[in-house]
Every structure is written in structure tokens, then in C-alpha cells.
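The values are calculated or read from the model by the stated rules, or taken from the named source; none is laboratory data. Note that the coordinates shown come from a computational prediction; the quantities given were computed from them, not determined experimentally. Reconstructed Cβ throughout: ideal geometry from the backbone, glycine too, with neighbour counts over all protein chains shown. The area values use the complete protein model at the heavy-atom level, side chains included, leaving out ligands, DNA and RNA. Shrake-Rupley method; radii C 1.70, N 1.55, O 1.52, S 1.80 Å.
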Amino acid sequence: QERMPQTPPFAAMFDSSGYNRNLYQSKEDSCGGLYYHDNNLLSGSLEALIQHLVPSVDYYPDRTYIFTFLLSSRLFMHPYELMARVCHLCTEQRRASEPGLDKNWIRKIAPKILQLLTEWTETFPYDFRDERMMRNLKELAQRIASGDEMYRKNVQQLLQNLLRKLATVGQYEEVLAQINATSKDHLTLLKARPQTIQRDIITVCNDPYLLAQQLTHIELERLNYIGPEEFVQAFVQKDPLDNDKGCYRDQKKTQNLEAYVEWFNRLSYLVATEICMPVKKKHRARVIEYFIDVARECFNIGNFNSLMAIVSGMNMSPVSRLKKTWAKVKTDKFDILEHQMDPSSNFYNYRTALRGAAQRSLTAHSNREKIVIPFFSLLIKDIYFLNEGCANHLPNGHVNFE
């Protein structure tokens, strides 16, 4: 793996204008069908792009290309179809090698194919919930493993890591289902016997800084389970390959992305509920000030999603209409937070703060300083408009890779 070409660090990939000048190494492409400008791959036929993905004895695709193509190819073909095509091209290469040099070819190509499969299974593990994907993966891996004992161990490790990941996400989805079920039971119980189970948030955790840290743990865990492909699939209303079916009905689609959006809503309602529960104004004012401190700490950590959820909860009409309660609150700190998350000028203040947090993350000396959790709904909106503004195909039929 260490001998494979490495993608440059993210910050180094762009010049001051944000335009990437030298992301792809130029390469003589025997199959043709790829169009470059200033060493940047702009477009190509689907077949040429697939061939560009498959390693050969003297070539390995750039990692940024691998990620980008594996992510966007699902707009044009199912992942299992792409995997079948990759397997077919690898087999063709093997047949084209000189007779009698089969073992020599495997020794040269095996590490590269293994590396490609490793990157695919680590970045897009959910693709392999499809039995057809898993079958193709095992067949290709088996061919590699038959050549050498060392490769057999690497293949076993790859499959074990993949199965572990899929088992973990299965457990996570079970937990989500459990949370949804118990929250409904909790609501029923709360309506029937409100006093017996009612504990306010300050009783549960009286330290706003600790709560902000715990919210950040939840955010990071939930973000971690969202597959990159969910961002693409979220905007594909219909499977472009089949007019009668929704996209990928036979696979996981976007439930982890949706669960994360639902988490934001739940946090907002929690804040509003906690503020409205106390009977006395001074108690309500105390809860408001508590959540202002939680929100401030979220801002300091770089957790903009929880920050926005808390601000949204405080701006809900059941809370904002409590004029006498707000009169008892020192609102200076809250005004600063509202200013930071002000939606005017397309969230200019927030975007400036986000850039600052991202810059801090690049030079961070501790894990805490590396944390940047964007306001997720706005991120989704940005990606949506980026997607809407770009055609998938160019007039000549090429895939618009750029």
C-alpha cells in the first residue's frame, strides 16, 4: 500500500482561487474516450472512465479519481454492475498476459487490485450489502488469493474488515429503531403520569460544558455512519436505469442521512420542551441561560449542527412568545450566537466561522481542536444546488466528470 501513488493532502490540492490545477496525473489512455484540460480530467465515455479505474501492471488510478468515480458512477450504473465490469476487465488483462507468465502477472497486479478493493470496501462498504456485489468481490479476491499465501491473508483481512463494518452498521440501525420505539413509549407515559418520570435537563446534567461535549459525541457518531453515496442517492428521485422503481430499492438508501436530520429536529424540540416545562418564570429563565451556555460551548468546539439546533429550539414560537421569561434572561450571549447563525446573505457569518474552524482543524495539535461539524441541513442544501447546476452528461454523450 505504501508504494501506491498517494493523493496529495486536501489543502495542497487547490490553488488560491480554489480551482484544482493538477489533481490528476496525465496518462496515455489506450482506450481513448477521455478528455483532459491542463491535466484535469473533464469528461469521458462511461466505458473509458471504467477502464481508467482498473489498475494494470504499470498503472494505478489516483485515489481522488477512485473516490470520485465510485461515488458518481451510481448515477449511471448499479454498483454491482460496475463491480462485474471491473472483474471482467481484470480477467481480460490476465488473458492478454503472455502465456506461461500467469504467476508473474498475478504477483505484479495483485497488490494493486487488492488496494483498489480495499479502498472500495472501506469508503463505500454499504455497496456490499448487495449479494451480487459480495459474490463478485469474493470471486475476484479468490483469484488473487490463489496465487500466493501472503495475498490470501490480505484477502481474508479485507473480507473480515468489511463484514465487521457491515455488522456494526446493522447494530447501529437496530439502535436507531429502538430509540424511535422507546421515545414513543416515553411520550405515552409522560402524558399519562407526567410527574413520575419528569426530570429536567439540569437535574440530569448540571454542567452545560459537559452536555455540549456529549452532544458532540452523538453528532460525530451519527455523522460517521452516513455513507458518502447517501448524498448522491438523496437527490436521485428515481433510478435513472429503471423508470418503474425508486433508486436502489434492493439496498440501503439514505436512512442514516435521514436519521441525522431527524436528530437535529429532536434536539430542537428537546430544547423547546425543557424551557416550557417549568411552571415558574425564573426556572424557565434559568433553563434558557443553561442552553445558551451549552450553545456557546458547541460554537467553541466547532459543533455548528448542535448550536443551530439549540438556537432553532429557542426561536420556536412556544419559547419566543414567553416575553416575561425572556425579560429575566441576560440575552447578550444569545444575541452573539444568533448573529453567528443569522441566515441573511446566505449565512455569511456562519460560513466565515466555519472556514475559521476548518483552518484551525488543519493546524490542530489535539483531537478536540480538529472537530468541525457543519450545520447539516445547509450542507445538504448546498450540495443539492451544486448537483442541480451541473448536467450529468455533456452534449456529446460524455459523462461530465468535472
Open item on the list: Which of the helices (runs of 4 or more DSSP H) found entirely inside region 268-360 contain at least 3 residues meeting this: of a type in the set (Gly, Ala, Ser)?
Closed with: 304-314
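Just checking, how many residues over region 124-162 are open to solvent by 50 Å² or more (accessible area, probe 1.4 Å) and not aliphatic (A, V, I, L, M)?
So the count comes out to 18.
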TODO: Could you check, for region 12-29, whether at least one of its residues is touching a Lys or Arg at 6+ places or on another chain (Cβ under 6 Å) and modelled with pLDDT of 90 or more?
DONE: no
Open item on the list: If the requirement is being among the hydrophobic types (A, V, I, L, M, F, W, C) and under 21 Å from the mean Cα position of the chain (by Cα), which of these qualifies: 372, 294?
Closed with: 372
- [ ] Scan 319, 261 and give me the residue that is hydrophobic (A, V, I, L, M, F, W, C) and closer than 25 Å to residue 199 by Cα.
- [x] 319
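Every residue, every condition in (1) surrounded by fewer than 15 Cβ atoms within 10 Å (Cβ to Cβ); (2) under 30 Å from residue 276 (Cα atoms); (3) at pLDDT 95 or above, yes or no:
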{"residue": "293", "(1), (2), (3)": "no, yes, yes"}
{"residue": "308", "(1), (2), (3)": "no, yes, yes"}
{"residue": "321", "(1), (2), (3)": "yes, yes, yes"}
{"residue": "345", "(1), (2), (3)": "yes, no, no"}
{"residue": "365", "(1), (2), (3)": "yes, no, no"}
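Which one is least open to solvent (accessible area, probe 1.4 Å), of the residues in region 367-387 that are among the aromatic types (Phe, Trp, Tyr) and more than 16 Å from residue 228 (Cα to Cα)?
So the residue we want is 375.
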Task: Close pairs from region 141-164: first within 19 Å of residue 56 (Cβ to Cβ), partner of a type in the set (Phe, Trp, Tyr), Cβ under 6 Å, at least 6 apart - done: 144/151
Open item on the list: Which condition from (1) touching a helix residue (DSSP H, G or I) at 6+ places or on another chain (Cβ under 8 Å); (2) open to solvent by less than 60 Å² (accessible area, probe 1.4 Å) is the one that residue 358 breaks?
Closed with: (1)
Open item on the list: Tell me whether region 105-117 contains one or more residues that are open to solvent by 10 Å² or more (accessible area, probe 1.4 Å), closer than 25 Å to residue 235 by Cβ, out of contact with any strand residue (DSSP E or B) (no Cβ under 7 Å at 6 or more places or on another chain) and assigned to a helix (DSSP H, G or I).
Closed with: no
